[in-house]
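Trainee: Structure provided below as structure tokens; questions to follow.
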Amino acid sequence: MAFAVVLIILIVASVIFHFVSPWWFTPLASNWGPIDDILIITLVITAVVFVALGLFMVYCIIRYRHTGGHRAHYEPENKKLEWWLSGVTSVGIIAMLAPGLAVYSDFVHPPANATQIEVVGQQWRWSFRYPGGDGQLGTADALNITDDNPFGLNPEDPHSQDDILVQGSELHLPIDQPVKFVMRSKDVLHNFYVPQFRAKLDLVPGLVSSFWVTPTKAGEFEILCAELCGIGHYNMRAKVIVESPGQFQSWLSKQSTFSRSLTRDSTVGLIEQGQQLAESRGCLACHSVDGSPSLAPTWKDLYGKQEQLADGTQITVDDNYLKESILAPNAKMVAGYPPVMVAYQFSEQQLQAMIAYTKSLSTRPGDDGQPATREEP
Amino acid sequence: MAYAEDAEVVELHEPQSFVTKYIWSQDHKVIAIQYSLTAIVVGLIALVLSALMRMQLGFPGAIEMDASSYYQYMTMHGMIMVIYLLTALFLGGFGNYLIPLMVGARDMVFPFVNMLSYWFYLLSVLVLLASFFVPGGPTGAGWTLYPPQAISQGTPGIEWGIILMLVSLVIFIVAATMGGLNYVTTVIQARTHGMTLLRMPLTVWGIFMATILALLAFPALFVSGVMMLFDKTLGTSFFMPVMVSMGQTLDHQGGSPVLFQHLFWFFGHPEVYIVALPAFGIVSDIISTHARKNIFGYKMMVWAIIAIGVLSFIVWAHHMYVSGMNPYFGFFFATTTLLIAIPTALKVYNWLLTLWRGNIHLTVPMLFALAFVLTFVVGGLTGLFLGNVIVDIPLSDTYFVVAHFHMVMGVAPILVVFGAIYHWYPKITGRMLNDTLGKWHFWITFLGTYLIYFPMHYLGFLGMPRRYFAYDNYAFIPDSAQSLNAFITVTALIVGIAQLLFLVNLAWSAVRGQKADSNPWRATSLEWQTPQTPPVHGNWGKRMPVVYRWPYDYSMPDVEEDFVPQTISNRELGISDNGDLHSHQQATTASGSDQT
Amino acid sequence: MNSYSVDAGQPMRSEDYTGPGNGSDQPPRHNPNTTAIVGLRVFLVVVSSLFFLLLIALLTRSQYSDWEALSHPWQPLAQPWQLWLNTGLLAVASFTLQRARTLCKRASADHHFEAIKNQLIYSGVATGLFLASQLGLWQQLWSTGYSVAGNPANSFFYLMTGLHGLHLLGGLVAWARLWWRLQTKQPARLRPSVELCAIYWHYLLFVWLLILALFISPPETFAQIAAFCGFTPVQ
């Protein structure tokens, strides 16, 4: 009997929990309300089934418990009842499946007026590309990717020239305008996920995947990665800002284009080169530049710092230590961080650029005893 | 009990030494216990790994852990639980012990290969555990081992861990094939006189079908594992596309990560039914025995098992709705996935209809069986959310998925494992498990796991992603979610520790438990009719048993005892009719509802 | 325990059977020879599953733009005389095992002891030569630049022929055991084992012919089969 009582409590509590639970859908900010609707239909049907089956079980346990007085009924089967139950179940299944597939059909057919925006994922950051004035994204290939061409765009393709490249972690979208995200990955699987948008899809290296969404609420939302992509998976974050078309345009016009990146002054300063490398090689996925804690030591005020190593010794962060940390990161690990950094192949010139950039983030004195100053680019 | 008088009187070749009796044993019962104990030990390791994970999620920073270790624990926990515990226990443990006894065979048909199967399994476990001790540690790629990340920079264990994992899986698959050949061929060939297919208990049907699934599905894991090994060690590009890994363009090109997913899930989905179908069969038998009532709709139950088995091969891509595969596949797989819900639902109805008008004894095995039904209903229903492609889009890779698969594969089948052990322990050892300890174990486990996984679904509704080491400063995740995580952790630790009750019970009762007679539950199926308890080598003595009926003649009208073992003929009962199903049904309808 | 008398001596009658399955399908008597063959056939279903999946993977991968079929003109398998030789060797092995099997079946099996032993030797030698020749082919391919990682077509070739060879090697273990027992026992008693070997070898010959057909067929055939299965070319 206790068992029956506990079951009743569990069933009732489960239903009550649903209504009092503080954990529910994030507020919808896109056109995919129908997904929520299908989810609710499914929830209602399954909840009814759960309660019905649960209470039936409780009824049987109470009514037919062993009391010494009665005997079980002998009824091997009842084909009619079983077919009837199968029929009812089928109806329930169809009630969930049919509307679900109808909404899915919308999902796989983007509207003709959707603008294309490219999402590029890499370990462990996001970058984005807008088509620019000609309305078309230029072709790209992973084989074209270099430090100077992190998107791997095809420089011969005229459509690439005006593509707007965004390597910072901010994606802007105009409100109420359908967007088709065309997505690719440079390395492993990722997944572009904004909970408030509901729609999401994997980024697959070697192919282009896509889904569409219309943002319907202005605001700032978080972009997360939703496919395990290594140890930095939980930290692969970005922001999407949905704003009025006017605000969007003004932001867009301030962004850099591909052609501008190609014609960048070849006498670019060492510091800016270092900054580019840090972005394109994914260093910033683990090393922050503003002092915030991350997977790896922050570069803010790193240069000249007395660093505690994993083997208990101390070291002053200087040019040589920085070089070694790039070429052979596990040689002198900083205490408290996992040994997961891979060895990078940088030329001497690139190493100098990295050192310069790191110095510029520090207010400590450098090798020459002079306080580091930020070079003007 | 009748024996075939024309059965060959066999000279049974008994193993003589301690080593041939208990170590290099070809006896299916010994092999079963070897499998089960190994599976339980390795399962406890995985339980500890889950406790470590929960500590990080519930109380971040309480123990020192980095993301790398977290992902390694997560991967090993998943792989051990699914393959090395559940599959090995249901097929190698329960399958080995129960099949020959339930079909009336002396042993499995290929005892030497059966023995090898265990030792290969043990070897696969050792190879897997060795990955904790190699440079770089075990793989942290997630139990699904998706390329490219499984063998690329940025994932733990790519030096040696992933290689050992894949090699271990290959060895396990060899072991599973050797065992599976035995289980299938024994059911086909070695049933005793009168044991037709439709007189086998549903436990046998469940394990039989699960074994067929295993034999057909494991090759897919084998192929994908070998191909990934090639990609890792030989530089091939089965799954590896052009990649710029940590700034380096790699040598691979043209491979397809999605191809791996197709191969993996072609195995992976039947795998969950390899775990579920034996559980279904066992639950049917436990409920039937302890409710003193035939399983309702036996034939439909058999057909449902077969239908589920067949359908399980055409639903795999519901694990890939957001994988970037051809979107039109979504329509097909959502349909087949929701279709498979129908025979599954039928089984649930039939379990409940078995209870209806039954004579229910709430013994410990029965408690576990009923708890299975409830938790399986929850877990199965949440599967409908995920199977319906459009609903899966927001829910995939969130805690909704984690809650779903733990409920339906972790909680429900494990409850059956416990119930089954409490049920068959007296046959295996000749002693009963302690009832009080059993009830405590039951209540803590059932309520605890329900409290852990039911609320977790709502974290999924919220959108909280899975496989995250930490959740710092996400605006959309309220602080209360962290409180729930802490609650879940505490509950999980309690449930984990409570399993000690079970282990202590197992060990203590083996030597000091109340002595049981050969059929303490008064069950009808053949394994309870062995001449000795525990059964000796050869199971049946000099002569093979003869079976006259199905295994569900409980509470037959016109019969004084409320159960009739399969080996009792109608003549012995004093029933003069031809004793077929329909005359019994007519008799009961004529005499009205249950007799008091 | 129960109150029924133990009815040890009563003959069975069909009306004694109750419950579903009313005595209509008697379970087969456990004949160890049939059982072994059933077991082997179940195993062959597993192996078929393995090669079928490899085939599907092959077909999907073959439609990617970087696939260079080995049967392309100027490619090594455009003139595959070694493959035909190996096929011949495997066919000899199968044929001689079949001879041995037929001889064993005869009532006068024991008189053909020498002949059976000889057929067995031929099959073992032919198989051994097949495996050696396959290795030779691998070596030749590798040294002319067709390494396993060079091209996905290469990868599949090595993988599939490798797995096929491994299965054959496993068969040779059984063959060796049979050979060993033949030294002391009469062939009539070893007929089941000869049967099993024959079935297994025929099966592996069949798998080999499939692999052969695939790898020497022109890329257009690949494309046709792939399209038939719904796999379209991928850039």
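The values are calculated or read from the model by the stated rules, or taken from the named source; none is laboratory data. Quantities reported herein were computed from a predicted structural model and do not represent experimental measurements. Reconstructed Cβ throughout: ideal geometry from the backbone, glycine too, with neighbour counts over all protein chains shown.
Trainee: Could you name every one of the helices (runs of 4 or more DSSP H) located completely within segment B:340-435 that has at least 3 residues being within 10 Å of chain A (Cβ to nearest Cβ), within 30 Å of A:His66 (Cα to Cα) and of a type in the set (Val, Ile, Thr)? Please lay out each step first, then the result.
Mentor: On the way: elements: B:364-387, B:389-395, B:399-405, B:412-429.
In segment B:340-435, the matching helices (runs of 4 or more DSSP H) lie at B:364-387.
Trainee: For the structure I just gave you, tell me whether A:Glu170 is under 19 Å from A:Lys239 (Cβ atoms) and more than 14 Å from chain B (Cβ to nearest Cβ). Step through it out loud before you land on a result.
Mentor: On the way: under 19 Å from A:Lys239 (Cβ atoms): yes; more than 14 Å from chain B (Cβ to nearest Cβ): yes.
Answer is yes for this residue.
Trainee: Might you check whether a residue that is hydrophobic (A, V, I, L, M, F, W, C), over 22 Å from B:Val547 (Cα atoms), touching a residue at least 40 places away in the same chain (Cβ under 8 Å) and in contact with a Pro (Cβ under 8 Å, 6 or more places away or on another chain) occurs anywhere in segment B:172-179? Give the steps one after another, and end with the answer.
Mentor: Initially, segment B:172-179 is screened for residues hydrophobic (A, V, I, L, M, F, W, C), giving B:172-176, B:178.
Next, only the ones that are over 22 Å from B:Val547 (Cα atoms) stay: B:172-176, B:178.
Checking the rest, the ones that are also touching a residue at least 40 places away in the same chain (Cβ under 8 Å) come to B:172-176, B:178.
Those left that are additionally in contact with a Pro (Cβ under 8 Å, 6 or more places away or on another chain): B:173.
Yes: segment B:172-179 contains one or more residues that are hydrophobic (A, V, I, L, M, F, W, C), over 22 Å from B:Val547 (Cα atoms), touching a residue at least 40 places away in the same chain (Cβ under 8 Å) and in contact with a Pro (Cβ under 8 Å, 6 or more places away or on another chain).
Trainee: Okay, next question. Can you tell me how many residues within segment A:4-52 are crowded, with 16+ Cβ neighbours inside 10 Å and either small (Gly, Ala, Ser) or in the same structural domain as A:Pro195 (by TED's automatic domain parsing) (or both)?
Mentor: 5
Trainee: Only one of A:Glu75, A:Glu82 is surrounded by 15 or more Cβ atoms within 10 Å (Cβ to Cβ) and in a helix (DSSP H, G or I). Can you tell me which? Break it down stepwise before answering.
Mentor: On the way: A:Glu75 fails: in a helix (DSSP H, G or I).
Every option except A:Glu82 fails the conditions.
Trainee: Here is a check on your reading of the model: is B:Thr398 closer than 27 Å to B:His318 by Cα, touching a residue at least 60 places away in the same chain (Cβ under 8 Å), of a type outside the set (Gly, Ala, Ser) and touching a strand residue (DSSP E or B) at 6+ places or on another chain (Cβ under 9 Å)?
Mentor: On the way: closer than 27 Å to B:His318 by Cα: yes; touching a residue at least 60 places away in the same chain (Cβ under 8 Å): yes; of a type outside the set (Gly, Ala, Ser): yes; touching a strand residue (DSSP E or B) at 6+ places or on another chain (Cβ under 9 Å): yes.
Against the criterion (closer than 27 Å to B:His318 by Cα, touching a residue at least 60 places away in the same chain (Cβ under 8 Å), of a type outside the set (Gly, Ala, Ser) and touching a strand residue (DSSP E or B) at 6+ places or on another chain (Cβ under 9 Å)), B:Thr398 qualifies.
Trainee: Restricting segment B:221-267 to residues that are in a strand (DSSP E or B) and of a type in the set (Val, Ile, Thr), which is farthest from A:Cys229 (Cα to Cα)? Can you show your working first?
Mentor: First pass over segment B:221-267, keeping only residues in a strand (DSSP E or B): B:244-245, B:248-249.
Those still in the list that are of a type in the set (Val, Ile, Thr) too: B:244, B:249.
Numbers: B:Val244: 14, B:Thr249: 17 Å.
So the residue we want is B:Thr249.
Trainee: Right, something else. Quick one: is A:Tyr64 of a type in the set (Ser, Thr, Tyr) and at the interface with chain B (Cβ under 7 Å from one of its Cβ atoms)?
Mentor: Numbers: of a type in the set (Ser, Thr, Tyr): yes; at the interface with chain B (Cβ under 7 Å from one of its Cβ atoms): yes.
Yes, satisfied.
Trainee: Name the one entry in A:Tyr344, A:Tyr337 that is more than 18 Å from A:Ser294 (Cα to Cα), surrounded by 15 or more Cβ atoms within 10 Å (Cβ to Cβ), out of contact with any Cys (no Cβ under 6 Å at 6 or more places or on another chain) and at pLDDT below 85. It would help to see each step written out before you state the result.
Mentor: Values: A:Tyr337 fails: more than 18 Å from A:Ser294 (Cα to Cα).
The unique qualifying residue is A:Tyr344.
Trainee: Among the candidates A:Leu55, A:Leu101, which residue alone is surrounded by fewer than 21 Cβ atoms within 10 Å (Cβ to Cβ) and facing chain B (nearest Cβ under 7 Å)?
Mentor: Numbers: A:Leu55 fails: facing chain B (nearest Cβ under 7 Å).
Testing whether each residue is surrounded by fewer than 21 Cβ atoms within 10 Å (Cβ to Cβ) and facing chain B (nearest Cβ under 7 Å) leaves just A:Leu101.
Trainee: What do you reckon, is A:Leu224 assigned to a strand (DSSP E or B), within 7 Å of chain B (Cβ to nearest Cβ) and within 20 Å of A:Pro27 (Cβ to Cβ)?
Mentor: In short, yes.
Trainee: Does at least one position in segment B:536-559 carry a residue that is modelled with pLDDT under 90, farther than 26 Å from B:Ile99 by Cα and of a type outside the set (A, V, I, L, M, F, W, C)?
Mentor: yes
Trainee: If the Cβ limit is 8 Å and pairs must be 6+ apart or interchain, which residue in segment B:556-583 that is within 21 Å of B:Trp521 (Cβ to Cβ) and small (Gly, Ala, Ser) pairs with which residue that is part of a loop (DSSP other than H, G, I, E, B) and modelled with pLDDT under 90?
Mentor: Listed pairs, sorted by first residue: none to list.
Trainee: Can you tell which of B:Ala334, B:Ala403 is over 15 Å from B:Ser284 (Cα atoms) and more than 20 Å from the chain's Cα centre (by Cα)? Break it down stepwise before answering.
Mentor: Details: B:Ala403 fails: more than 20 Å from the chain's Cα centre (by Cα).
Sole residue among the options that is over 15 Å from B:Ser284 (Cα atoms) and more than 20 Å from the chain's Cα centre (by Cα): B:Ala334.
Trainee: Any residue at all in segment A:76-93 that is over 23 Å from the mean Cα position of the chain (by Cα), within 22 Å of A:Asp176 (Cβ to Cβ) and not assigned by TED's automatic domain parsing to the domain that holds A:Leu201? Write out each step before concluding.
Mentor: From segment A:76-93, those over 23 Å from the mean Cα position of the chain (by Cα) are A:76-93; that's our starting set.
Checking which are within 22 Å of A:Asp176 (Cβ to Cβ) leaves us with none.
Checked against the condition, which is being over 23 Å from the mean Cα position of the chain (by Cα), within 22 Å of A:Asp176 (Cβ to Cβ) and not assigned by TED's automatic domain parsing to the domain that holds A:Leu201, segment A:76-93 yields no hits at all.
Trainee: Could you list, in sequence order, the residues of segment A:180-225 that are among the small types (Gly, Ala, Ser) and surrounded by fewer than 24 Cβ atoms within 10 Å (Cβ to Cβ)? Before you say what the answer is, go through the steps one by one.
Mentor: Taking segment A:180-225 first, the residues among the small types (Gly, Ala, Ser) are A:185, A:199, A:206, A:209-210, A:218-219.
Within segment A:180-225, A:Ala199, A:Ser209, A:Ser210, A:Ala218, A:Gly219 meet the criteria.
Trainee: A:Val208 - would you say it is without any contact (Cβ under 8 Å) to a residue 60 or more places away in the chain and out of contact with any Pro (no Cβ under 6 Å at 6 or more places or on another chain)? Spell out how you get there, then give the answer.
Mentor: Details: without any contact (Cβ under 8 Å) to a residue 60 or more places away in the chain: yes; out of contact with any Pro (no Cβ under 6 Å at 6 or more places or on another chain): yes.
Yes; evaluated as a whole, the condition is true for this residue.
Trainee: Being in a helix (DSSP H, G or I) and free of Cβ contacts under 8 Å to residues at least 40 places away in the same chain is the requirement here; does B:Leu215 meet it? Spell out how you get there, then give the answer.
Mentor: On the way: in a helix (DSSP H, G or I): yes; free of Cβ contacts under 8 Å to residues at least 40 places away in the same chain: yes.
So B:Leu215 passes the test.
Trainee: Check B:Ala507, B:Ala481, B:Ala492 and return the single one that is surrounded by fewer than 18 Cβ atoms within 10 Å (Cβ to Cβ) and among the aliphatic types (A, V, I, L, M).
Mentor: Values: B:Ala481 fails: surrounded by fewer than 18 Cβ atoms within 10 Å (Cβ to Cβ); B:Ala492 fails: surrounded by fewer than 18 Cβ atoms within 10 Å (Cβ to Cβ).
Result: B:Ala507 is the single residue among B:Ala507, B:Ala481, B:Ala492 that is surrounded by fewer than 18 Cβ atoms within 10 Å (Cβ to Cβ) and among the aliphatic types (A, V, I, L, M).
Trainee: C:Ser71 - would you say it is part of a loop (DSSP other than H, G, I, E, B), touching a Ser or Thr at 6+ places or on another chain (Cβ under 9 Å) and modelled with pLDDT under 50? Spell out how you get there, then give the answer.
Mentor: Working: part of a loop (DSSP other than H, G, I, E, B): yes; touching a Ser or Thr at 6+ places or on another chain (Cβ under 9 Å): yes; modelled with pLDDT under 50: no.
No, not satisfied.
Trainee: Residue check: is B:Leu493 assigned to a helix (DSSP H, G or I) and touching a His at 6+ places or on another chain (Cβ under 7 Å)? Full working, then the answer.
Mentor: Details: assigned to a helix (DSSP H, G or I): yes; touching a His at 6+ places or on another chain (Cβ under 7 Å): no.
Spelling it out, it is not the case that B:Leu493 is assigned to a helix (DSSP H, G or I) and touching a His at 6+ places or on another chain (Cβ under 7 Å).
Trainee: I'd like the full set of residues that are in contact (Cβ under 8 Å) with a residue 40 or more places away in the chain and surrounded by fewer than 19 Cβ atoms within 10 Å (Cβ to Cβ), limited to segment B:307-361.
Mentor: B:Phe313, B:Phe331, B:His361, listed by residue number.
Residue by residue, here is whether (1) within 14 Å of chain A (Cβ to nearest Cβ); (2) within 28 Å of the chain's Cα centre (by Cα); (3) touching a residue at least 40 places away in the same chain (Cβ under 8 Å) holds:
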| position | (1), (2), (3) |
| --- | --- |
| B:Gly194 | no, no, yes |
| B:Thr203 | no, yes, yes |
| B:Gly225 | no, yes, yes |
| B:Leu229 | no, yes, yes |
| B:Ser245 | yes, no, yes |
| B:Thr249 | yes, no, no |
| B:Phe264 | yes, yes, yes |
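Trainee: Moving on. Kindly indicate whether any position in segment B:531-553 is more than 9 Å from every other protein chain (Cβ to nearest Cβ), out of contact with any Pro (no Cβ under 7 Å at 6 or more places or on another chain), of a type outside the set (Phe, Trp, Tyr) and within 16 Å of B:Asn294 (Cα to Cα).
Mentor: No, every residue in segment B:531-553 fails to be more than 9 Å from every other protein chain (Cβ to nearest Cβ), out of contact with any Pro (no Cβ under 7 Å at 6 or more places or on another chain), of a type outside the set (Phe, Trp, Tyr) and within 16 Å of B:Asn294 (Cα to Cα).
Trainee: Quick check on my filter: what residues within segment A:156-179 are closer than 19 Å to A:Asp106 by Cα and either crowded, with 17+ Cβ neighbours inside 10 Å or not assigned by TED's automatic domain parsing to the domain that holds A:Asp202 (or both)?
Mentor: Passing the criteria: only A:Val179.
Trainee: Could you please find all residues in segment B:220-236 being of a type outside the set (A, V, I, L, M, F, W, C) and within 16 Å of B:Leu145 (Cα to Cα)? Steps first, answer last, please.
Mentor: Going through segment B:220-236, the residues of a type outside the set (A, V, I, L, M, F, W, C) turn out to be B:224-225, B:231-233, B:235-236.
Passing the criteria: B:Ser224, B:Gly225, B:Asp231, B:Lys232, B:Thr233.
Trainee: Same structure, new question: Restricting to segment A:114-146, what's the tally of residues that are under 23 Å from the mean Cα position of the chain (by Cα) and not in a strand (DSSP E or B)? Break it down into steps so the answer makes sense when it comes.
Mentor: Residues of segment A:114-146 that are under 23 Å from the mean Cα position of the chain (by Cα), as a first pass: A:114-131, A:137, A:140-142, A:145.
Checking the rest, the ones that are also not in a strand (DSSP E or B) come to A:114, A:123-124, A:131, A:137, A:141-142, A:145.
Matching residues across segment A:114-146 total 8.
Trainee: Please pick out the residue among B:Val275, B:Val258, B:Val242, B:Val226 that is touching a Phe, Trp or Tyr at 6+ places or on another chain (Cβ under 8 Å) and either buried (at least 24 other Cβ atoms within 10 Å of the Cβ) or at negative phi (or both). First the steps, then the outcome.
Mentor: On the way: B:Val258 fails: touching a Phe, Trp or Tyr at 6+ places or on another chain (Cβ under 8 Å); B:Val242 fails: touching a Phe, Trp or Tyr at 6+ places or on another chain (Cβ under 8 Å); B:Val226 fails: touching a Phe, Trp or Tyr at 6+ places or on another chain (Cβ under 8 Å).
Sole residue among the options that is touching a Phe, Trp or Tyr at 6+ places or on another chain (Cβ under 8 Å) and either buried (at least 24 other Cβ atoms within 10 Å of the Cβ) or at negative phi (or both): B:Val275.
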